[in-house]
Amino acid sequence: MASNLHMKRATGSRMKRLPLVLALSFLAPLAAAAGPLTVKGSDTMVVLTQRWAEEYRKTHPEAKVQVTGGGSGTGLSALINGTTEIALSSRPLKEAEREQLRARHGSTGYQLAVAKDGVTFYVNEKNPLSALTLDQLKRIYVGEVTNWKEVGGPDAPIVLYSRENSSGTYVFVKDQLLGGEDFAAAAQTLPGTAAVVNAVAKERHGIGYGGLGYARGVKALELGVGADVLAPTAENVKSGKYPLSRDLFFYLRSEPRGSAQGFIDFCLSEAGQRLVSQVGYSPVK
Amino acid sequence: MIALTIQAVGLSGIAAVLLIVIFVGREALPILRGDGEAGFDTLFLPQPLRPGKPPGFMWQPVGEVPKLSMIPLLLGTLKVTLVAMVVAVPVALAAALFTSEFAPRRLRELLKPVIELLASIPSVVLGFFALMTLAGWAQSTFGLPSRLSALVAGLAMAIAIVPVVFTVAEDALTAVPRSYREASLALGATPWETAWRVVLPAAAPGVFAACVLGFGRAIGETMIVLMASGNAAIVSLSLSDSTRTMSATIAAEMGEVVFGGTHWSVLFFIGLQLFALTLALNWVAGAFVRRTLRRLGGTA
């Protein structure tokens, strides 16, 4: 979808079309303000944002909030292209994206942390392991360790699950856990955290990663840090002890106004932040 | 007036194809010219991966040093297509031969539409079926190390190709003149010998065209492989490994790339390669069909 817009713009040979497309791209934010509030992006945040939207509708029946996933990169591309009002992102804006926002919309974007998450590693419920150290996880994900017995598990090959590179969680794990190194080539890439959880639930020797609120039907691994063993819980994320903690963001093109303002205020309100805990993430306040 | 309209419609079809090629080619131009960050050497030759490791082929387009090797993707596409063809072609041809030569009329009238109905299953539904059901079955039956693999994707793709190959091959077999069969039977050949040694060779160009059509569909098929192959860009010949195809790579990454960047151009370049592959295939198929027709015409 995002690419369609690119393509239209790229057919510059049809110069007559260009002013029209440009005009439309300026109109898009106005049109969006009149219609439903569109929210798009991070798959980690989709469930949470849908809960927010549901609750928000109870007190604001006239409001229409449209929530879709696709990954942080997809949401931010949509924000740049003017096809969404709010982008959900589990990673900060990249410099290149900031540049594009500036070039297309004359602003550097408006960032708002709305919840905290800890990237969690899942294994199958039949897997006897319950904790791994960060170093072990890193060696598993760069492909140096390929058998569970090398990290104290059964003698079976590790089936690696990862996310598509449009995922904010993918970038976060790559930067924070792997120190920028590449994922092992054998890592299977799945579209969305739910797909990863589903795969690990079915794959006895699988391992995958995703947000805090998704670990159902799979075992969430505890992380060994020094002498401590930290479970991926909202408390550990909130206290900052859990090592792979991160902020989850809303991004807008400019300061929120109108319907977006109301929705954001609700998300950050006490009731909104209570929902954050219910879904399994940690509140920002 | 009507003739003019038809002419215009026909020409606009050709124009659309040309414009698409020009558009895709233009976006891939930095790669073709080799003046971008990636050229033919980074795409097709081994590149340094990690300090202390021998150079190799890797597809990791996001990172400080993007690795953009085409080799794992080409290999993945060929692997999945091969599985699909090996499974689908014998099944489809056998079904076509049975339907056109042996099945009673009533059965034939039932079989053809039912198999053709298979073609109307959306590929996303086939992918979903492969992901949820076929993957588990294949893993427990063949003892595969992971659920999703080139094999699973290839099997699911075979389901998509069978009706394509079947329909065209069946039409080709049915189109063989009755006189051929009658002559063969009159000379004392059994129905089976007639079907295998007379009808099938006579229909060879059409049957070959059917296979090429199936191949073309398999190479470009996206949704099934995206869902059922696991999308890990591994360089290996093993069918039980997860695999990443060219079409699935475009589908999965197009939404995220920075507009006009190297990764963007490379994705368009992949599209160009797919286009060139099918074009070359059609050309070879066309040449083969012409040659066979000439040979048949000469000996008949």
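Listed here are the helices (runs of 4 or more DSSP H) enclosed by segment A:167-283 that have at least 2 residues being on the phi < 0 side of the Ramachandran plot and more than 14 Å from chain B (Cβ to nearest Cβ): A:234-239, A:258-268, A:270-279. For first residues located in segment A:52-77 and assigned by TED's automatic domain parsing to the domain that holds A:Ser254 and under 22 Å from B:Ala251 (Cα atoms), partners that are of a type in the set (A, V, I, L, M) and part of a helix (DSSP H, G or I) and lie 6+ apart or on another chain with Cβ distances below 7 Å form the pairs A:Val67/A:Val46; A:Val67/A:Ala53; A:Gly69/A:Val46; A:Thr74/A:Ala2; A:Ser77/A:Ala2. When segment B:205-230 is filtered for residues that are among the hydroxyl-bearing types (Ser, Thr, Tyr) and either touching a Leu at 6+ places or on another chain (Cβ under 8 Å) or buried (at least 20 other Cβ atoms within 10 Å of the Cβ) (or both), only B:Ser229 remains. Scanning segment B:18-59 for residues that are β-branched (Val, Ile, Thr) and modelled with pLDDT of 90 or more gives B:Ile20, B:Val21, B:Ile22, B:Val24. Answer with yes or no whether B:Ala285 is in contact (Cβ under 8 Å) with a residue 40 or more places away in the chain, buried (at least 17 other Cβ atoms within 10 Å of the Cβ) and assigned to a loop (DSSP other than H, G, I, E, B). Answer is no for this residue.
Residue check: B:Pro55 meets all listed conditions (1) more than 27 Å from B:Ala218 (Cβ to Cβ); (2) buried (at least 16 other Cβ atoms within 10 Å of the Cβ); (3) within 14 Å of chain A (Cβ to nearest Cβ) but one, namely (2).
Kindly establish whether A:Glu125 is farther than 29 Å from B:Val257 by Cβ and within 11 Å of chain B (Cβ to nearest Cβ). Can you show your working first?
Working: farther than 29 Å from B:Val257 by Cβ: yes; within 11 Å of chain B (Cβ to nearest Cβ): no.
So A:Glu125 does not fit the description; no.
Do we find a residue being crowded, with 19+ Cβ neighbours inside 10 Å and either within 27 Å of the chain's Cα centre (by Cα) or more than 13 Å from chain A (Cβ to nearest Cβ) (or both) anywhere in segment B:103-113? Yes - at least one qualifying residue is present in segment B:103-113.
Look through segment A:37-52, keep the residues that are part of a helix (DSSP H, G or I) and not polar (S, T, N, Q), and return whichever of them is modelled with the lowest pLDDT. Spell out the reasoning first.
Here is the first cut: in segment A:37-52, the ones part of a helix (DSSP H, G or I) are A:43-52.
Okay, now just the ones that are also not polar (S, T, N, Q), so A:43, A:45-48, A:51-52.
Numbers: A:Asp43: 85, A:Met45: 90, A:Val46: 90, A:Val47: 88, A:Leu48: 91, A:Arg51: 92, A:Trp52: 93.
Taking the candidates together, the pick is A:Asp43.
Scan segment A:130-150 residue by residue and report those that are surrounded by fewer than 17 Cβ atoms within 10 Å (Cβ to Cβ) and of a type outside the set (Lys, Arg). I'd like the intermediate steps shown before the answer.
Here is the first cut: in segment A:130-150, the residues surrounded by fewer than 17 Cβ atoms within 10 Å (Cβ to Cβ) are A:130-131, A:133-135, A:144, A:146-147, A:149-150.
Passing the criteria: A:Ser130, A:Ala131, A:Thr133, A:Leu134, A:Asp135, A:Glu144, A:Thr146, A:Asn147, A:Glu150.
Table: residues versus (1) of a type in the set (S, T, N, Q); (2) surrounded by 15 or more Cβ atoms within 10 Å (Cβ to Cβ); (3) in contact with a helix residue (DSSP H, G or I) (Cβ under 6 Å, 6 or more places away or on another chain); (4) at pLDDT 90 or above.
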residue	(1), (2), (3), (4)
A:Lys64	no, no, no, no
A:Val67	no, yes, yes, yes
A:Ser77	yes, yes, yes, no
A:Asn81	yes, yes, yes, no
A:Ala87	no, yes, yes, yes
A:Arg91	no, yes, yes, no
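In a residue-by-residue description of segment B:71-80, the property of being farther than 30 Å from B:Ala119 by Cβ, of a type in the set (A, V, I, L, M, F, W, C) and in contact with a Leu (Cβ under 9 Å, 6 or more places away or on another chain) applies to at least one position.
Hey, among B:Ile270, B:Ile219, B:Ile250, B:Ile224, which residue is touching a residue at least 40 places away in the same chain (Cβ under 8 Å) and over 17 Å from B:Ala158 (Cα atoms)? Show your work before the answer.
Details: B:Ile219 fails: over 17 Å from B:Ala158 (Cα atoms); B:Ile250 fails: touching a residue at least 40 places away in the same chain (Cβ under 8 Å); B:Ile224 fails: over 17 Å from B:Ala158 (Cα atoms).
Result: B:Ile270 is the single residue among B:Ile270, B:Ile219, B:Ile250, B:Ile224 that is touching a residue at least 40 places away in the same chain (Cβ under 8 Å) and over 17 Å from B:Ala158 (Cα atoms).
Would segment B:122-139 turn up any residue that is within 28 Å of B:Thr194 (Cα to Cα) and either surrounded by fewer than 16 Cβ atoms within 10 Å (Cβ to Cβ) or of a type in the set (Phe, Trp, Tyr) (or both)? So far as segment B:122-139 goes, no, none of its residues is within 28 Å of B:Thr194 (Cα to Cα) and either surrounded by fewer than 16 Cβ atoms within 10 Å (Cβ to Cβ) or of a type in the set (Phe, Trp, Tyr) (or both).
Here is a check on your reading of the model: is A:Thr146 β-branched (Val, Ile, Thr) and within 11 Å of chain B (Cβ to nearest Cβ)?
Values: β-branched (Val, Ile, Thr): yes; within 11 Å of chain B (Cβ to nearest Cβ): yes.
Yes: the conditions hold for A:Thr146.
Checked against (1) away from chain A (no Cβ under 14 Å); (2) without any contact (Cβ under 8 Å) to a residue 12 or more places away in the chain, B:Gly143 passes all but condition (1).
If I filter segment B:264-278 down to residues being of a type outside the set (Phe, Trp, Tyr) and within 17 Å of B:Ile71 (Cβ to Cβ), which single residue comes out as farthest from the other protein chains (Cβ to nearest Cβ)?
The first filter runs over segment B:264-278 and keeps only residues of a type outside the set (Phe, Trp, Tyr), leaving B:265-267, B:270-274, B:276-278.
This time we only want the ones that are within 17 Å of B:Ile71 (Cβ to Cβ), so: B:266-267, B:270, B:272-274, B:276-277.
Working: B:Val266: 13, B:Leu267: 9, B:Ile270: 14, B:Leu272: 15, B:Gln273: 18, B:Leu274: 16, B:Ala276: 20, B:Leu277: 22 Å.
This residue is B:Leu277.
The C-beta contact set for segment A:190-203 (first residue in the same structural domain as A:Gly217 (by TED's automatic domain parsing), second residue buried (at least 23 other Cβ atoms within 10 Å of the Cβ) and assigned to a loop (DSSP other than H, G, I, E, B), distance under 6 angstrom, 6+ apart or interchain) comprises A:Pro191/A:Glu164; A:Thr193/A:Gly211; A:Val197/A:Val218; A:Val200/A:Val218; A:Ala201/A:Val218; A:Glu203/B:Arg147.
The values are calculated or read from the model by the stated rules, or taken from the named source; none is laboratory data. What you see is a predicted model, and the numbers here were worked out from it, not measured in a lab. So basically every Cβ, Gly included, is an ideal-geometry build from the backbone, and we count neighbours across all protein chains shown.
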